[in-house]
1. Residues that are surrounded by 19 or more Cβ atoms within 10 Å (Cβ to Cβ) and in the same structural domain as residue 305 (by TED's automatic domain parsing): list the strands (runs of 3 or more DSSP E) wholly contained in the range 342-437 that include at least 3 such residues.
2. Taking into account only those residues within the range 258-269 that are farther than 22 Å from residue 458 by Cα and either touching a helix residue (DSSP H, G or I) at 6+ places or on another chain (Cβ under 6 Å) or assigned by TED's automatic domain parsing to the domain that holds residue 394 (or both), which is surrounded by the most Cβ atoms within 10 Å (Cβ to Cβ)?
3. I'd like the residue in the range 453-473 that is in contact with a strand residue (DSSP E or B) (Cβ under 7 Å, 6 or more places away or on another chain) and within 20 Å of residue 513 (Cα to Cα) and, out of all such residues, is modelled with the lowest pLDDT.
4. All but one of (1) at pLDDT 95 or above; (2) crowded, with 19+ Cβ neighbours inside 10 Å hold for residue 50; which doesn't?
5. With respect to residue 63, determine if the residue is part of a helix (DSSP H, G or I), more than 24 Å from residue 166 (Cα to Cα), at pLDDT below 90 and in the same structural domain as residue 114 (by TED's automatic domain parsing).
6. Go through 116, 75 for me and flag whichever is over 21 Å from residue 180 (Cβ atoms) and in contact (Cβ under 8 Å) with a residue 12 or more places away in the chain.
7. Scan the range 398-438 for residues that are more than 17 Å from residue 502 (Cβ to Cβ), at pLDDT 90 or above and touching a strand residue (DSSP E or B) at 6+ places or on another chain (Cβ under 8 Å) and jot them down.
8. Within the range 16-33, is even one residue assigned by TED's automatic domain parsing to the domain that holds residue 111, at pLDDT 95 or above, more than 23 Å from the chain's Cα centre (by Cα) and over 30 Å from residue 258 (Cα atoms)?
C-alpha cells in the first residue's frame, strides 16, 4: 500500500472515532426532551452504542477478509453518514411514535423500554456501520507481519484521539452554536465528504494507472446510491432543523436548547405561560395570566413566611432551583416590603427566559450555579437564610447530590435559628418507599419539626427546629393585614400534617433517585393512559385513532 493511501486511511480512523462519540453525545440531547437526561438514559445510550460497535467490529473483520478493498468500507460510511443526517429530519417523529406506542402497551419500566428501542432504531444501524471501520482499516493497512503491531497501534490511537475530541466538541462547540440537528449534520457531512473524496481519488488513480475498470453495472449502482445519499443529506440540511421538536404544539412561544436542557415556552388556552424541559410530560414553571393564590405548590409554600419570625424585619429567602421564578414572583407580589429573595439556577438560559417571558422581578438576586456548590463554595457559602426552598427536583432528573443527608446538613447550616427548609416534590405518590419518602426521611435526620402538605400533584415538606412553628404561624396569620392573603393562608395552615419519618435514607454514596423516580412515572402513565389502553383493547387500533383524532 502506498504511503499516501495509508495516511488517508489513518485519517479515516481518526474521523470515525470523532463521529462515533459526537453521535453519542448528540443522542443524549435528542432523547432528553422525551425521556430526560438521567443516568438511566445515559446507560441505555452507552449500552446500545457498545452493542452496535461490537456487532460492527465483528462484521467489519469478516467483510474486510471477504472483500479486502477500502471502497466497500467507504460505501458503508456513506450509508452511515446519510442515516445520521436524516435523524434531525425524522428523529422526533420516530421517538414520539415509540414513546406513545409503549405508553399504551406496557405498564412498567416504560422509560427503560421506550428509550432503549428509540435509541436502537435511530442509532444502532449507523453506529454498527461505523464500528466496521477499525477492523477493516487494520486489514487494509497490514501488508507484512513485521509491521502489524505498529499499524494496529496507530489505527487504534488515532481512533481514540478522534473519540476524545468527539466527546468535547459537541458539548462545548457544535451543540451550543449549531444545535443538536446542526451537530448531526456537521459530523454526517464530514463522513460523507471523506468517503466521496476517497472515491474521487480512487477513480483518478485507477485512470492514471490504467488498472481494470469495475463493471459498468457496479459503477451505475454505486453512482445512483451515492447521488441519492447526497440528495437526502441536502434535504435534511434544508428541512431537518426547521421543524420543532414538539411539532404538534401550535402554542410555542420559544423552543431551543441550552447546555443543560431542551427548553419550551408555550401559552395555554387561558393565557398562562409555561416552561417545560420535556416534550411529552411535565411543567417546570408557570406565569399565570391572572394574579392570584391557587392550589399550586408555590402558593402553599408562601405559608413558610408565617412559620418564621424575621430577626431584622425582612425574611431572607433562598430558592435552589429558581426556574423562571414563579415562587420569587409571588413573594414580591404579596410580601414586597418584607422579603429579600435570592434564586439559584444552574441553567443560565432559563434565567434569560425568566426575564423575557415570565416577568421575573428585578429585585430577585439571581445566581447561575449548582445549588450545592452555591452553598459550599459559591456566593452563598457565608450566608444564612430564614427560608430555603429546595425546588430542584423534577421527574427522574433529580440531582442526587441535592437529595442526600449530607446536602440537607449543608442546608441546615445555612439556616437562621428556627429557619425553615421547604422541599418541593413534583411527583406525588402515597406508595411506601417512593422518592418522596426518601427525600422527606433524609431531610428529617436534621430537623425536629416536620410538616407536609399535598398541593395538587406536588407534595411539600416544611422542616425546622422550631417545634412551635405552627402556633407561631397561626398567630402571624391572624395579624396579616392583607385580608385576601390572610384568608388563603388560614385555609392552607390546617392542611399541614405532622410528618412521621421512616428509614428511607439517601446518602452521597447511595442515592438511586432515577430508579425511584421511574417508579412514579410508571404509575402516572398507568393511571393517565388506562382509558386509552381500554379503548385499544375493546375497539382496536382503528377505534383508538378515531378517538384521538376526534379530541
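The values are calculated or read from the model by the stated rules, or taken from the named source; none is laboratory data. Just so we're clear, the structure is a prediction, and the values are computed from it rather than from any experiment. Positions of Cβ are generated from backbone atoms using ideal geometry, with glycine treated the same way; all protein chains shown enter the neighbour counts.
1. The qualifying strands (runs of 3 or more DSSP E) are 385-390, 415-425.
2. 262
3. 458
4. (2)
5. no
6. Step by step, each of 116, 75 is checked, and only 75 is over 21 Å from residue 180 (Cβ atoms) and in contact (Cβ under 8 Å) with a residue 12 or more places away in the chain.
7. 402, 411, 412, 414, 415, 416, 418, 419, 420, 421, 422, 424 - these are the residues of the range 398-438 that are more than 17 Å from residue 502 (Cβ to Cβ), at pLDDT 90 or above and touching a strand residue (DSSP E or B) at 6+ places or on another chain (Cβ under 8 Å).
8. No, every residue in the range 16-33 fails to be assigned by TED's automatic domain parsing to the domain that holds residue 111, at pLDDT 95 or above, more than 23 Å from the chain's Cα centre (by Cα) and over 30 Å from residue 258 (Cα atoms).
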